[in-house]
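*Asks:* My questions will all concern the structure given below.
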Amino acid sequence: MGRWRSPFFADMIRSIRACKTAAEERAVVRKECAAIRAAINENDQDYRHRNLAKLMFIHMLGYPTHFGQMECLKSIASAGFPEKRIGYLGLMLLLDERQEVLMLVTNSLKQDLNHTNQYIVGLALCALGNICSAEMARDLAPEVERLLQFRDPNIRKKAALCSIRIIKKVPDLAENFINPAAALLKEKHHGVLITGIQLVTDICKVSTEALEFFRKPKCLDGLVKTLRDVVNSPYAPEYDIAGITDPFLHIRLLKLLHVLGQGDADASDCMNDILAQVATKTESNKNAGNAILYECVETIMSIEDNGGLRVLAINILGRFLSNRDNNIRYVALNMLMKAITVDAQAVQRHRATILECVKDLDASIRKRALELVYLLVNESNVKPLTKELIDYLEISDQEFKGDLTAKICSMVEKFSPDKIWYIDQMLKVLSEAGNFVKDEVWHALIVVISNASDLHGYTVRALYRAVQTSIEQIVLMFLHQESLVRVAIWCIGEYGDMLVNNVGVLNIEDPITVTESDAVDVVEIAIKHHSSDITTKAMAMVALLKLSSRFPSCSERIRDIIVQNKGSLVLELQQRSIEFNSIVEKHQNIRSTLVERMPVLDEATFSGRRAGSLPATVSTSSGTSLNLPNGVAKPAAAPLVDLLDLSSDDAPVPSSSGNDFLQDLLGVDVSPASVQPGTSQAPKAGTDVLLDLLSIGSPPVQNNSTPSDILSSSQDNKSSVAILDGLSPAPSGGAASMIDLLDGFVPNSPKPEDNGPAYPSIVAFESSSLILTFNFSKPPGNPQTTLIQATFTNLSPNVYTDFVFQAAVPKFLQLHLDPASGNTLPASGNGSITQTLRVTNSQHGKKPLVMRTRIAYKLNNRDVLEEGQINNFPRDL
Amino acid sequence: MIHFVLLISRQGKVRLTKWYSPYTQKERSKVIRELSGVILTRGPKLCNFVEWRGYKVVYKRYASLYFCMCVDQEDNELEILEIIHHYVEILDRYFGSVCELDLIFNFHKAYYILDEILIAGELQESSKKTVARLIAAQDSLVETAKEQASSISNIIAQATK
């Protein structure tokens, strides 16, 4: 007989396993559940543990078992160890901390934590550690604290892990555990030591008081000694793994040293020797040894700088990276991502190897490597890196193309040295993986093309060639490169004459002969192809209209193509077809002016608009949601609202269209709700715009004062009126800057805006004596990135020394801090420190910036730390 | 911290689940479905880590069973592999060359052993011997209770004869 036949519920498992179909299995489970319910109703105690075990098995199969929850509680409440053992198991399996039933077990837990049988105490600690809620944690914390001093080490270790759960649920309780946890660090029992160290690590993460306590040499030296002892320990069979004594203990000690050494030079100094010993002496031929080395590198990278140790760590990573074991290479890539902030040069040395990893067979490694490559890109290496990645794009797996394309596009946008290179790379990406390119990326490409007036001819010919070469595999083309086709169609429509007449040929180009009808062919294929979607077809329709004027000889043919869509079921196409037909046929005289080349698209407007696709919160939230410095002084917005309200009451139409106009000009949140004339949102959105205008016009310094000042000063009120005036045909004199602004947007005056939109400055942080202001700018052609100029001013009568500013951002942002202009901040506002921050928002247009800051300085040799969170960034950064 | 432990067979059957972070029933089944889809399809020579919803899942195949542990981004993946191996070795010693059927019919034992190795998603004991000793002691407590119960019922049966 098999040894697995023994348990008391084997019959049920056997009959479930014998089921051939899911339906059969359901029937067996239903029957078993019915029997168990009946037993529960009869309060059958003899079979309770057997029924509970069956329920757990059924639960694992994914069937509902809530009716058994009370049975667990009853089983826990019975006196015997076997009942309690299965009861607690059921509790942990069938319930989770969010179920109300769990509260009922608190009392039983309390009794069992005080039980005379240590194994029952152990069961209760285990259950509490695995599923306790915050409320239970509060109620039972004193019991657990007491058990940290229990005579049996096996209870102490369980109590230690249970304490971790408690302080995670209720961080305020952490301080109670500092002293008992410190006592655990002196133990010899490995279980207690491991759990005690883990507990201390977790306490230090939530309590700065604890962190200071454990950093004291008294504690730290003990930890270093423990690590030294275990590193030098002779062979200990009980704990030996691959010739190393207790790697788990090694790793936990290293983790704690990491926490204690981070940001503390003295503490870091204490551990240098032992870290060097671990890094050099640990055998790296087995996984256990590598796990220790990996942790050791992590600790070295995190603690305060020690040049020698870091070299050691980077060398270990280099060795890892060339290892043949995929696991080791994976962790090496992972760690290099952290190392890049510490020593970018050292990581750059491994660039070739990392690039090879991007092409690995293993998706996990590819993903890690791609992210790392992305971090390695800079102005000097963007060209070779992009080339490598684009070459690889051709042969990469389908499922990897999405990530790869996004990263390539992003790095090309961010670091392209010139427009022609940008256009070339984007065309390559569009040809290789056009269907993975996001809409905003090819929209951005069109904007860039439009701005590069000297490259129009070159671009349209390159696009024509790209579309031509793949025209044989036409089906493939439309399945994979719709966005390439769209960009090509747009350019042929706009610059078709340059294509045919070979205008502006660059000397790198191969000569090409394209007739007018060749150009029309391409557009015709696009409009007729069954797999083109409406957007492509509509774009093709507009292109045809434009070509009908550029190529008079093809006019007749174009009209025929346009007419074919007269019966289209898509309203948009049908309408365009009929309208365009009548333009071609009847309105020859206005056609040429109608289809003139698009004015240069404004990059700034576009990037603003890209940002403007924010959720409607902007217009639906109350008028006071303006991003004012520190979010204070809201009533001040009222006069402006009044102003607009008044005008909209008197003359609703011009006012609302005025709003639209302004919004269009500035590209601010053109969400459908806010542009509907006559809705109450319009004036509010208008206020936003006005504010934006105001801060553009006003010098940055003024933004330091409260907004009420800005708004109530008569001068600015006047200028906001002037804006409204400016909208009327006859612009009035005053407030010249505003008028200039508007003038700049008159469509026909080509004025490339390379500076990006301006954003109001904010006061990012303000305490009684310290003011931090942020000024924003956007590098041209790169809407995701924001340059922030941070200015610190000290209003107190004392000089701040050792001034350090730190900032942290959530994962969707990337932050790069340039060095500050100094580390001493003069007193009484007599000077300032400036520092440049570069933030890249990967969720640009979806999420606004947020940032946590930490400012540390010394005031009369006393350390001061100020922390804050900045939520008042302008929305569209 | 380990957020959950899963044992999944080659066929995608769940053999053990242990949740150290709160997941509702619905989320649990979704997690299991998603992860078995990812892990069971991975080739044999690839690395043992899968990035998943901002976490990492470390898995290792032993015969027909995949042992999976979900951990935070900053956790040491190589150490988690050692923890999995630690668990497997203890199971192996307890059952004497463990196989999947042992874990099906004695799934509760697999849980008891896991509870001696992990609590609150953290490692509790690095000595296999200590874990084995604690499990044996508790098993014998259960046996004694059983014997007592049967001897009591024998006495009652005798007395009422």
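Read the figures in this text as sums done on the coordinates, not as results from a lab. Since we're looking at a predicted model, the values are computed, not measured. Heads up, the Cβs are rebuilt from the backbone with ideal geometry, glycines too, and the neighbour counts pull from every protein chain shown.
*Asks:* Using the C-alpha atoms of region A:27-136, what convex hull volume per residue, in cubic angstrom, is computed?
*Replies:* Cα-based convex hull of region A:27-136, divided per residue, equals 92 Å³.
*Asks:* List the aspartates and glutamates whose Cα lies under 20 Å from the Cα of A:K566, skipping any in the same chain that are fewer than 8 positions away.
*Replies:* A:D521, A:E524, A:D533, A:E556, A:E579, A:E585
*Asks:* Evaluate region B:2-159: find the radius of gyration of its Cα atoms, find its Kirkwood radius, and give the ratio Rg to Rh.
*Replies:* Values: Rg = 18.3 Å, Rh = 17.1 Å.
Result: Rg/Rh = 1.07.
*Asks:* Take A:K778, A:K157 and order them by how many other Cβ atoms sit within 10 Å, fewest up front. The partial results should precede the final answer.
*Replies:* Details: A:K778 23, A:K157 31.
Starting with the residue having the fewest Cβ neighbours, the order is A:K778, A:K157.
*Asks:* Right, another one. Given a cut-off of under 8 Å on Cα pairs at least six residues apart, what relative contact order in percent is computed for region B:2-73? Don't skip to the end; give the middle numbers.
*Replies:* Numbers: 103 pairs, mean separation 28.5, N = 72.
Reported as a whole number, the value is 40 percent.
*Asks:* So for region A:423-575, what are the equivalent ellipsoid semi-axes in whole Å, largest first, each being the square root of 5 times an eigenvalue of the Cα gyration tensor? Numbers along the way, then the final one.
*Replies:* Numbers: eigenvalues 103, 73, 37 Å².
Semi-axes, largest first: 23, 19, 14 Å.
*Asks:* Now, a different point. What is the diffusion coefficient of region A:278-376 in µm²/s, taking the Kirkwood radius over Cα pairs and the Stokes-Einstein relation at 37 °C with a viscosity of 0.692 mPa s? Numbers along the way, then the final one.
*Replies:* Details: Rh = 13.4 Å.
This corresponds to a translational diffusion coefficient of 245 µm²/s.
*Asks:* Give me the distance between the Cα centres of region A:273-330 and region A:488-566, rounded to whole Å.
*Replies:* 60 Å
*Asks:* What is the Cα centroid distance between region A:51-106 and region A:212-268, reported in whole angstrom?
*Replies:* Computed from Cα coordinates, the inter-centre distance equals 39 Å.
*Asks:* Okay, next question. Please arrange A:D802, A:D202, A:D863 by how many other C-beta atoms lie within 10 Å of their C-beta, fewest to most.
*Replies:* Working: A:D802 14, A:D202 27, A:D863 9.
Fewest-to-most Cβ neighbours within 10 Å comes out as A:D863, A:D802, A:D202.
*Asks:* I would also like to ask the following. Output the relative contact order of region B:2-159, whole-number percent, from Cα pairs under 8 angstrom with separation of 6+ residues. If you can, show how the numbers build up before the last one.
*Replies:* Numbers: 163 pairs, mean separation 32.1, N = 158.
For region B:2-159, the relative contact order is 20 percent.
*Asks:* Determine the relative contact order of region A:762-870: mean sequence separation of Cα pairs under 8 Å and six or more apart, normalised by residue count, in whole percent.
*Replies:* So the answer I get is 27 percent.
*Asks:* Take the Cα atoms of region A:56-107, build their convex hull, and give its volume per residue in Å³. Could you put the intermediate results ahead of the total?
*Replies:* On the way: hull volume 3.6 nm³, N = 52.
Per residue, the Cα convex hull of region A:56-107 comes to 69 Å³.
*Asks:* Beyond 29 Å between alpha-carbons counts as too far, so tell me which of A:K186/B:K129; A:K255/A:K847; A:K383/B:K60; A:K367/A:K537; A:K225/B:K56; A:K438/A:K528 fall in that bin. Present the calculation step by step, with values, prior to reporting the outcome.
*Replies:* Details: A:K186/B:K129 22 Å; A:K255/A:K847 34 Å; A:K383/B:K60 40 Å; A:K367/A:K537 36 Å; A:K225/B:K56 33 Å; A:K438/A:K528 24 Å.
Too far apart for the 29 Å limit: A:K255/A:K847; A:K383/B:K60; A:K367/A:K537; A:K225/B:K56.
*Asks:* Other chains' Cβ within 10 Å of B:72-82 residues: what's the mean? Don't skip to the answer; put the middle values down first.
*Replies:* Values: counts 0, 2, 5, 1, 10, 6, 15, 13, 1, 5, 11.
So the per-residue partner count for this stretch is 6.
*Asks:* Where does the Debye-calculated log10 I(q)/I(0) of region A:6-88 sit at q = 0.17, 0.18 Å⁻¹, using only Cα point scatterers of equal weight, no solvent?
*Replies:* Reported log10 I(q)/I(0), two decimals: -0.66, -0.73.
*Asks:* Would you list B:Y87, A:Y294 from fewest to most Cβ contacts within 10 Å? Write down the numbers at each step before the final one.
*Replies:* Working: B:Y87 23, A:Y294 27.
With the sparsest Cβ surroundings first, the list reads B:Y87, A:Y294.
*Asks:* Can you check what the net charge comes to around A:R48, using other residues whose Cβ is under 12 Å from the Cβ of A:R48 (Lys, Arg +1; Asp, Glu -1)?
*Replies:* On the way: positive: A:R50, A:K54, A:K74, A:K84; negative: A:E42, A:D44, A:D46, A:E71, A:E83.
Charge balance near A:R48 sits at -1.
*Asks:* Give the Kirkwood hydrodynamic radius (Å, one decimal) of region A:755-877, defined as one over the mean of 1/r across all pairs of different Cα atoms.
*Replies:* On the way: mean 1/r = 0.0671 Å⁻¹.
It is 14.9 Å.
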